[in-house]
Amino acid sequence: MMQALTVDPSGMRYRADYLRPLPLPGQALIRLLVGGICTTDLEVVKGYAGFQGVLGHEFAGLVVECEDEQWIGRRVVGGINLGCGRCAVCLSEGPEHCPDRTVLGIIGHEGAFADYLTLPVANLLAVPDELPDEAAVFVEPLAAALRIREQIVVRPSDQVAVVGPGRLGTLIAQVLALSGTQVIVLGRRRESLELIEQLGLAADLVDGPVDRSFDLVVEATGNEAGLAHSLRLLRPQGTLVLKSTFAGRATVDLSRIVVDEIRIVGSRCGPFAPALRLLGSGAIRVQEMIEGQYRLQDGADAFEHASRPGVRKILLRP
Ligand SMILES: [Zn+2]
Ligand SMILES: [Zn+2]
């Protein structure tokens, strides 16, 4: 038996008596060291993806059982998509777009907010000794931010805006600023921009900058108003990256997209190894983003805290 934070149609629950997962062949059993709550988890609790079971996909853990003994005792992070491993998508690009995939704590695979979780060994990456657990746990959202740089060319001379100064927006802005690119983070409230400025990035209220002045706008709010702001800011032939999953449906001015030939790019999961390297080198700052740490048994408080507006990262420990 183990502790776990689970979700079912009645909502989120702390369970002290949840069945410990059994690793399948090729999988490792991992003991949770620290987990991170992200907006996707809040959506899952609200019913997104209709998931039931253990919540959570952002984690750093310790391998306790594995056929391949070299992993035992190692600190790891892990890719959250579990592909079938046989289809054309899995064999060419990897599991992220496998039609039969499961996703840790989101689709069909028990998540990380428990004493133990399982993942295929192929998904694991060892955490360098000098990188603390509470930095390593940022690898998944940082990889998601890096995904943008795999999809589009961001020129050092581009004017870039990130709409939404939240947890993901803060990582995206840091990632896009790495090549000297001028990046501004836009939010609706002054207080929400404090951390951004503390990290040395430019910030402004969303209605501050001039319309149609940006080459690239990243939408990281997940709400309709944020999407409207993002479109307004783009120059003709600019690129809009949609980085947060919209829980509902959004109304968009499609004629603006056609007339101004706006390019829209959806963006989801990204590469873990470069994200770990950036965390290790200190090029991306995450310590400042941690706002609170809770025990699993106080999961309800942790989720309540994580859902307050403008809140930074909330971590969970067993
Ligand atoms: Zn996440
Ligand atoms: Zn597949």
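Of note:
- Counted charge near Pro236, where neighbours are those whose Cβ lies closer than 9 Å (Asp, Glu -1; Lys, Arg +1): 0
- Top of Val258, Val154, Val77 by mean-square fluctuation, Gaussian network on the chain, Cα under 10 Å: Val258
- Other-chain or far-sequence residues with amide H under 5 Å of Val218's (modelled H): Ala161, Val162, Val163, Val241
- Neighbours of Ser267, meaning other residues whose beta-carbon lies under 13 angstrom from its beta-carbon, give a summed charge of +2 when Lys and Arg score +1 and Asp and Glu score -1.
- Dipole magnitude of region 187-276 about its Cα centre (Cβ charges: Lys, Arg +1; Asp, Glu -1), debye to nearest 20: 260 debye
- Asp253/Asp204 FRET efficiency (R0 22 Å; Cβ-Cβ; nearest 0.05): 0.45
- Look at the alpha carbon pairs under 8 Å that are at least 6 residues apart: their mean separation over the length of the chain gives a relative contact order of 19 percent.
- The Cα-based radius of gyration of region 146-189, divided by its Kirkwood radius, gives an Rg/Rh of 0.95.
- Charge-dipole axis of region 103-170 as Lys and Arg at +1 and Asp and Glu at -1 on Cβ define it, positive-most pick from Val154, Val137, Leu124: Val154
- For the chain, the residue among Gly164, Val64, Ala302 whose Cα projects farthest onto the positive side of the dipole built from Cβ charges is Gly164.
- The distance linking region 1-42 with region 205-232 is 36 Å (Cα centroid to Cα centroid, whole angstrom).
- As a rough guide to protection, the peptides 27-33, 285-291 ranked by mean Cβ packing within 10 Å, highest first, stand as 27-33, 285-291.
- With a Förster radius of 45 Å applied to the beta-carbon distance between Leu24 and Glu261, the computed FRET efficiency rounds to 0.40.
- Cα-based Rg of the chain normalised by 2.2 N^0.38 Å, two decimals: 0.99
Read the figures in this text as sums done on the coordinates, not as results from a lab. In this text, all values refer to a predicted model and were calculated from it rather than measured experimentally. Positions of Cβ are generated from backbone atoms using ideal geometry, with glycine treated the same way; all protein chains shown enter the neighbour counts.
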